[in-house]
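The values are calculated or read from the model by the stated rules, or taken from the named source; none is laboratory data. What you see is a predicted model, and the numbers here were worked out from it, not measured in a lab. For neighbour counting, all protein chains shown are included, and Cβ atoms are generated from backbone atoms with ideal geometry for every residue, glycine included. Side chains included, ligands, DNA and RNA excluded: accessible areas come from the protein's heavy atoms. Shrake-Rupley method; radii C 1.70, N 1.55, O 1.52, S 1.80 Å.
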Amino acid sequence: MMRIWLLAAALCVLGPWAAVRAETQPPTQVLVMLRAAAPHLRAADGYAVGYTASPDENARMHTAREIAQHYGLHIVDSWPMPALGLDCFVMRLAPGMSASDVTQQLAQDARVESAEPRQAFHTLAKDDPLYALQPVAKPWHLAELHAVASGRHVTIAEVDSGVDTSNPDLTGQVLEQRNFVDDGDYRAELHGTEVAGIIVAREGNGVGIAGVAPQAQLLALRACWQLAQGSAASACDSFTLAKALQYALEKHVQIINLSLTGPDDRLLQRLLDAALAQRVAVVVAVDDSAADGGFPASYKGVLAVAGERSPAQARDVLLAPAEDIPTTQPGARWNLVNGSSFAAAEVSGLVALLHELSPDITLTQLHDALHARTALGLVSMRPKTIDACAAVAQVSQRCICDCAATHASLGEPRR
Amino acid sequence: MFRIVVAVLVALLAVQARAQVTGSATFVSDYRFRGTSLSDDRPAAQLAFDADWPSTGWYAGGMMSNVRLDSSHAAQLLGYAGYVRRLNADLSWEGGVRYTRFTGGESYAYAEAYTGLTFRQLVGRIYYAPNYFNAGYATWYAELNDSIALSGKWYAFAHAGYLRRAGDVAEYHVSRFRSDVRAGIGLTLQPWDIQLSWTTAHGAPDVALGYPSAAGTSRNAWVFSVAYAW
């Protein structure tokens, strides 16, 4: 029994370290993208076989096999990416092969649209819940905001580790759970459950917390996996994340929450471009340990969110509470959490409220509403904590809460 | 027309970018084309191939099937080539030509141009044949096809088509219109695809539309098919 406890304790300590270590290891797999023709008439259309099949998938598998054989690779998995007009094939390198060398060679192959290493990512929770309770609802006047908006008719894709819907605050709050990590069953995990609670925890049920957007519809897309029992540290990779992003685009969500970070990745950049082109708000946690905030927080067009005490100095970074946030955990448990992962979750919830108030809001309008302005109407040159009341007032054109400060920041006379 | 299609195929094969090629063999309990049996309500075997040049948008392909026309066995040869353009992630447009002929005493050869839009799984196309089945008059055919994924590897699909012929139909004392509907379920077990569907046709009789099908074929049928792709 003692051995089991020692092992569990060791895993808790080593979990976050293992996630970072995975990112420093050279990739052993590459992602090979093959172009997929748009749907079109085929020989058998209107004849014997049906109106459904896409036999060109077989053709791309042939091509992928030829490529794998030619370069000494082994096909591990594949996934269609219709948002980009591509099929993505995962190929394992043979021992001794360099991912960068292979991707360079593949890039020269006319059959290949693009290729890149399969890269490691990790979530951004600090596993240190030892601070006094400090409700996140207070500075954002959530109770007053919920009187006018609670996220109704807004769908949020949470790309994270698994969410446990058995927590009373999350029961009935998750529209769909999907596993993109492996072929196994969906799993309930810490980080995903913690992020989900901050966004959509049931309000007024007598237990736990209230989410920032308790009536939003959440797609719990498991693209990351918990590294150790009892630790929120989770790892993801560019393939699992790409699959989840592709699914979110298929579902036409309004918001994507990415409480994770990793290296620059071309495939993910292209999927983010597709999302932004569809006016999807992509809310991303900033990695304080990376000078540029890490990817995808550093990517143009996303809403990068850091904790209020973050050293992030980039002008476009949004600041939100990131310490001592009470949230849900698997089972009927709650705890305090810390990290920019949870600041991003808060902003995803707030964006859902803004979307409910203004369903046709553009990303530019969203950006303007969330970025604090000075009393003179000038955009602040430094990151500033989000003023939720001012953001809602700017979108709805009426004061909901904290009216004196809101009118001052908007430069409007008090009505 | 056949030469044009062949020329387009040859030109496409000459394109440097590598093609994505696939083939399929299909057994079908009844070969139904736009609601009409071309196999005299009997089973048929078919071979098809498709080639895509995704970087250019061009595609081409062909099919061969045994048929039973005018109560005698024959083979159908079909070739097509077209161009498809993705307008956004959900929407694409296409246009192309298709040429069909049959072996035997009568070739019933005809060419058809088509254009269409695809929105996710929903496909709408319009076809124009200036000399449908070489019967001496033009036809327009419009179709809508849709499918939806069910649980696991199952899916459901549906098709509705509407055909209008030109020319004089007074001698037949019938309508110049014909509609056909098909609905069914399918099971994908790569590389196998299995379907069961029900099809029906209403309106003008086969003879008024130039179809060379054997007399007395039914208008309603259950169709079972098994396809193997490689």
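So what is the relative contact order of chain B, in percent, for Cα pairs below 8 Å that sit 6 or more residues apart?
17
Full-extension gain between A:E250 and A:R398, please, as 0.36 nm times their residue separation minus the C-alpha to C-alpha distance.
Extra length from A:E250 to A:R398 when fully extended: 49.9 nm.
Which residues' amide hydrogens lie under 5 Å from the amide hydrogen of A:D237, considering only partners 5 or more residues apart or on another chain, with H built in the peptide plane?
Sorted by chain and number, the residues that satisfy this are A:F121.
Leaving ligands, DNA and RNA out of it, report the carbon-plus-sulfur percent of the accessible area of chain B at a 1.4 Å probe.
Looking at chain B in its full context, I get 64 percent from C and S.
Rank by packing, highest mean first: peptides A:177-188, B:174-185, with packing defined as the count of other Cβ atoms within 10 Å averaged across residues.
Numbers: A:177-188: 15.5, B:174-185: 18.3.
So the peptides A:177-188, B:174-185, ranked by packing, come out B:174-185, A:177-188.
Pop a pseudo-label 7 angstrom from the Cα along the beta-carbon direction at both B:T200 and B:L144 and give the gap in nm to one decimal.
1.8
Compute the semi-axes of the equivalent ellipsoid of region A:25-118, taking the square root of 5 times each eigenvalue of the Cα gyration tensor, and list them largest first in whole Å. Numbers along the way, then the final one.
Working: eigenvalues 171, 28, 23 Å².
In descending order, the three semi-axes are 29, 12, 11 Å.
Just going by the charge dipole of region B:44-138, with Lys and Arg at +1 and Asp and Glu at -1 on Cβ, which of B:A89, B:W58, B:A48 is farthest out on the positive end?
Positive-most Cα among the choices belongs to B:A89.
Quick one: putting +1 on the C-beta of Lys and Arg, -1 on the C-beta of Asp and Glu, what dipole do you get for chain B around its Cα centre, in Debye to the nearest 20?
Once rounded to the nearest 20, the dipole reads 320 debye.
Could you report the accessible area of B:R32 in Å², rounded to 10, computed with a 1.4 Å probe on the protein chains as they sit in the structure?
0
At what distance in nm do the modelled label points of B:L187 and B:N131 sit from each other, each positioned 7 Å from its Cα along Cα→Cβ?
4.6
Find the sum over both chains of the accessible area lost when B and A are paired, probe 1.4 Å, and report it in Å² to the nearest 100.
Roughly 3500 Å².
Where in region A:203-231 does the amide nitrogen come within less than 14 Å of the point 7 Å from the Cα of A:T171, taken along Cα to Cβ?
Correct set: A:203, A:205-208.
Based on Cβ point charges of +1 for Lys and Arg and -1 for Asp and Glu, what charge dipole magnitude is obtained for region A:122-394 about its Cα centre, in debye rounded to the nearest 20?
Charge dipole of region A:122-394: 480 debye, to the nearest 20.
Residues of B:81-93, mean number of Cβ from any other protein chain within 10 Å of their own Cβ, rounded to a whole number?
Numbers: counts 0, 3, 1, 5, 2, 6, 1, 4, 11, 6, 1, 5, 2.
Whole-number average of other-chain Cβ neighbours for B:81-93 is 4.
Between A:T385 and A:A277, what FRET efficiency follows from the Cβ-Cβ distance if R0 is 30 Å, with the result rounded to 0.05?
Using R0 = 30 Å, I get an efficiency of 0.50.
Quick one: which residues, 5+ away or cross-chain, put their amide H under 5 Å from the amide H of A:V337? H built at 1.01 Å from N.
For A:V337, whose amide H was placed from the backbone, the distant partners under 5 Å are A:D324, A:I325, A:T327.
With a 1.4 Å probe and every protein chain left in place, tell me how much accessible area A:E308 has, in Å² to the nearest 10.
Taking all protein chains as shown, A:E308 has close to 90 Å².
Under a 1.4 Å probe, what is the accessible area of region A:70-206 per residue, stated in Å²?
Details: 6170 Å² over 137 residues.
Result: 45 Å² per residue.
Would you tell me the mean number of C-beta atoms belonging to other protein chains that fall within 10 Å of each C-beta in A:192-203, as a whole number?
Mean shielding count: 0.
For region A:59-73, in order, what is each residue's ³J(HN,Hα) by Karplus, 6.51 cos²θ - 1.76 cosθ + 1.60 with θ = phi - 60°, in whole Hz (x at glycine and Pro)?
4, 5, 5, 4, 4, 4, 5, 4, 5, 4, 5, 4, 9, x, 9
Whole number please: convex hull volume per residue of the Cα set in chain B, in Å³? Could you put the intermediate results ahead of the total?
On the way: hull volume 28.1 nm³, N = 230.
Here the figure is 122 Å³ per residue.
Rank A:T240, A:L350, A:N257 by how far each Cα sits towards the positive end of the charge dipole of region A:122-394 (+1 on Lys, Arg Cβ; -1 on Asp, Glu Cβ) and give me just the farthest.
Farthest towards the positive end: A:L350.
So what are the ³J(HN,Hα) numbers for region A:338-346, from phi and the Karplus equation (6.51, -1.76, 1.60; θ = phi - 60°), rounded to whole Hz, Gly and Pro as x?
9, x, 5, 3, 7, 5, 4, 4, 4
Going from most exposed to least, what order do B:D90, A:D237 have by accessible area with a 1.4 Å probe?
B:D90, A:D237
Once the Cβ-Cβ distance between B:V226 and A:Q229 is put in as r, and R0 is 51 Å, what FRET efficiency do you end up with, to the nearest 0.05?
So the FRET efficiency works out to roughly 0.60.
Would you be so kind as to identify which of B:Y128, B:L117, B:F224 lies farthest towards the positive end of the dipole of chain B, taking Lys and Arg as +1 and Asp and Glu as -1 on Cβ and the Cα centre as origin?
Positive-end residue among those listed: B:L117.
Simple spin-label model, 7 Å along Cα-to-Cβ: B:D168 to A:S289 in nm?
It works out to 8.7 nm between the two label points.
Once phi is turned into ³J(HN,Hα) by the Karplus curve 6.51 cos²θ - 1.76 cosθ + 1.60 with θ = phi - 60°, what whole-Hz value does each residue of region B:42-54 show in order, with x for glycine and proline?
Listing the rounded values in order: 10, x, 9, 10, 9, 10, 9, 9, 9, 10, 10, 10, x Hz.
Can you put A:D316, A:D288 in order of accessible area, largest first, using a 1.4 Å probe? If you can, show how the numbers build up before the last one.
Numbers: A:D316 90, A:D288 65 Å².
Accessible-area ranking of A:D316, A:D288, largest first: A:D316, A:D288.
Per residue of A:58-64, count partner chain C-beta atoms within 10 Å of its C-beta, then hand back the mean as an integer. Could the numbers behind the result be given before it?
Working: counts 10, 12, 4, 6, 5, 5, 0.
Per residue, the average neighbour count from other chains is 6.
Let a ≥ b ≥ c be the square roots of the eigenvalues of the Cα gyration tensor of region A:122-394; is it rounded (a/c under 1.5), or, if not, prolate (a/b larger than b/c) or oblate?
Cα axes put region A:122-394 in the rounded bin.
With all protein chains present and a 1.4 Å probe, how do A:H146, A:H62, A:H74, A:H191 order by accessible area, largest first? Display every interim value, and only then the final one.
Values: A:H146 25, A:H62 60, A:H74 100, A:H191 0 Å².
My answer, sorted largest first, is A:H74, A:H62, A:H146, A:H191.
How much length, in nm to one decimal, is gained on full extension between A:R309 and A:R266, taken as 0.36 nm per residue of separation minus their Cα-Cα distance?
Once the chain is fully extended between A:R309 and A:R266, it gains 12.4 nm.
Once the whole set of protein chains is in place, how much accessible area is left on A:W334, using a 1.4 Å probe, in Å² to the nearest 10?
90
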